[in-house]
Amino acid sequence: MNQISDINTYTSRMSKSCDDKLFFMNKISDIKNIVDFGCADGALIREMNKVMPDVKYIGYDINPEMIRIARSKSTGNPNINFTDTFPGHIYNENSLLNLSSVIHEIYSYCSTDEVKEFWDNVFLSGFDYVSIRDMCISENVYRLTNRTDYWKLINTVDKNQIRDFEHNWGSLMRNNNFLHFLMKYKYVENWDREVKENYFPITLEELISKIPSDYEIAYIETYCLPYLKSMVEKDFGISIKDNTHVKLLLKRK
C-alpha cells in the first residue's frame with residue numbers, strides 16, 4: 001500500500017462532511033452495535049457517538065498507527081473500542097456495518113482474494129444493516145468529455161498533475177477520467193498516493209448487483225458533493241453534471 005505522507009492532512013480530510021456520512025442514523029432502529037470499517041482516527045465514530053450515545057461502537061482499521069491515534073483521541077468514551085481484527089463476532093446482535101469511503105480503497109490496495117474476503121465479511125457476517133457512502137459513478141459516465149470543459153481544465157491546471165494522472169489512468173478526454181481527476185486534483189499533500197488510487201473501481205450498477213437476496217435497499221441516493229461542484233466551478237468554470245457519490249442503506253430481510 002502507498003504510504004500516507006501527511007497523516008494529519010489525510011485524517012482531517014476524512015473527517016470532513018460528517019453530516020453527509022451520517023445520513024443513515026435517522027433511518028435505522030433497534031441498533032445496539034455499530035462497526036465502522038476503515039475507521040482511521042475514529043473521527044466518524046466520535047460523531048456517531050454524539051447522536052447515539054447508548055450504542056456500542058467498534059472501529060476497525062488494519063493500520064496500527066491509525067488505531068493508536070483513534071484510541072488516544074477517544075479516551076473517556078467507554079462504549080468506543082478499536083481493533084485491527086475484523087469484528088464479525090457481533091453476528092445477529094442488532095448490528096450495523098458502516099462503510100464510509102472504504103470500497104474504493106479496498107479495490108485500490110487489495111488483491112482479488114482480499115476483495116472477495118471483504119465482500120464476504122460485509123454480507124456473510126449477519127449485520128442487520130449495511131451502510132455505504134462512497135465515490136461511485138454510473139455506467140452512463142463512460143463517454144467523451146465535453147470539449148469546452150476539457151480545454152478549460154488543461155489550460156488552468158498544473159501540467160505535471162495532468163501528466164501523472166494520464167500516465168496512471170489514460171486521457172482526460174474520457175469523461176470518467178475527467179471526473180476522476182476533478183475528484184483528486186486538490187490533494188497535493190498526498191498526491192503520490194492519491195494519483196494512484198482508483199476512486200471509481202466499480203460502477204453503481206456493479207455495486208447494486210453485489211447485494212445478496214437476503215438484503216433489501218432501504219435507502220439510496222446518488223449525487224455530487226456540493227463542495228466539489230462549487231470548487232470545480234470556482235477553479236475552472238466547469239459545471240459538473242454527473243453524480244460522483246452514492247449513499248446506500250441495506251437492511252437484512
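The values are calculated or read from the model by the stated rules, or taken from the named source; none is laboratory data. From a predicted model like this one, the values you see are computed outputs, not experimental measurements. Every residue, glycine as well, gets a Cβ built from its backbone with ideal geometry; the counts of neighbours run over all protein chains shown. These area figures cover heavy atoms from the full protein model, side chains too; ligands, DNA and RNA do not enter into them. Shrake-Rupley method; radii C 1.70, N 1.55, O 1.52, S 1.80 Å.
Is it the case that Ser100 is open to solvent by less than 70 Å² (accessible area, probe 1.4 Å) and without any contact (Cβ under 8 Å) to a residue 12 or more places away in the chain?
On the way: open to solvent by less than 70 Å² (accessible area, probe 1.4 Å): yes; without any contact (Cβ under 8 Å) to a residue 12 or more places away in the chain: no.
Taking the combined requirement at face value, the residue does not satisfy it.
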Some residue of the range 188-210 being part of a helix (DSSP H, G or I), in contact with a Leu (Cβ under 9 Å, 6 or more places away or on another chain) and surrounded by fewer than 16 Cβ atoms within 10 Å (Cβ to Cβ): yes
Looking across the range 55-97 at residues that are within 16 Å of the chain's Cα centre (by Cα) and of a type outside the set (A, V, I, L, M, F, W, C), the single one that is least open to solvent (accessible area, probe 1.4 Å) is Gly59
What's the number of the only condition in (1) of a type in the set (A, V, I, L, M); (2) over 10 Å from the mean Cα position of the chain (by Cα); (3) closer than 19 Å to Glu216 by Cβ that Val115 fails to meet? (3)
Restrict the check to the range 30-43 and report whether at least one residue is at pLDDT 95 or above, among the acidic types (Asp, Glu) and either out of contact with any Ser or Thr (no Cβ under 9 Å at 6 or more places or on another chain) or not in a helix (DSSP H, G or I) (or both). yes
Considering the range 210-253, residues that are of a type in the set (Ser, Thr, Tyr) and modelled with pLDDT of 95 or more, and then whichever is nearest to Phe127 (Cα to Cα), we arrive at Tyr215
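State yes or no: is Ile4 modelled with pLDDT under 90 and open to solvent by less than 40 Å² (accessible area, probe 1.4 Å)? Working first, answer last.
Working: modelled with pLDDT under 90: yes; open to solvent by less than 40 Å² (accessible area, probe 1.4 Å): yes.
The answer is yes for Ile4.
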Does any residue in the range 55-69 that is of a type in the set (D, E, K, R) come within less than 6 Å, Cβ to Cβ, of a residue that is open to solvent by less than 70 Å² (accessible area, probe 1.4 Å) six or more places away or on a different chain, and which pairs are these? Lys56/Asn33; Lys56/Asn79; Asp61/Gly38; Asp61/Cys39; Asp61/Ile67
I'd like to verify a number: residues in the range 51-99 that are farther than 20 Å from Tyr129 by Cα and part of a helix (DSSP H, G or I), how many? 10
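Would you tally the residues in the range 186-210 being among the aromatic types (Phe, Trp, Tyr) and free of Cβ contacts under 8 Å to residues at least 40 places away in the same chain?
So in the range 186-210, the residues among the aromatic types (Phe, Trp, Tyr) come out as 187, 191, 199-200.
Now restrict to residues that are free of Cβ contacts under 8 Å to residues at least 40 places away in the same chain: 191.
Residues flagged as among the aromatic types (Phe, Trp, Tyr) and free of Cβ contacts under 8 Å to residues at least 40 places away in the same chain within the range 186-210 amount to 1.
Could we say that Tyr109 is open to solvent by less than 80 Å² (accessible area, probe 1.4 Å) and either closer than 17 Å to Glu206 by Cβ or not acidic (Asp, Glu) (or both) here?
Working: open to solvent by less than 80 Å² (accessible area, probe 1.4 Å): yes; either closer than 17 Å to Glu206 by Cβ or not acidic (Asp, Glu) (or both): yes.
Answer is yes for this residue.
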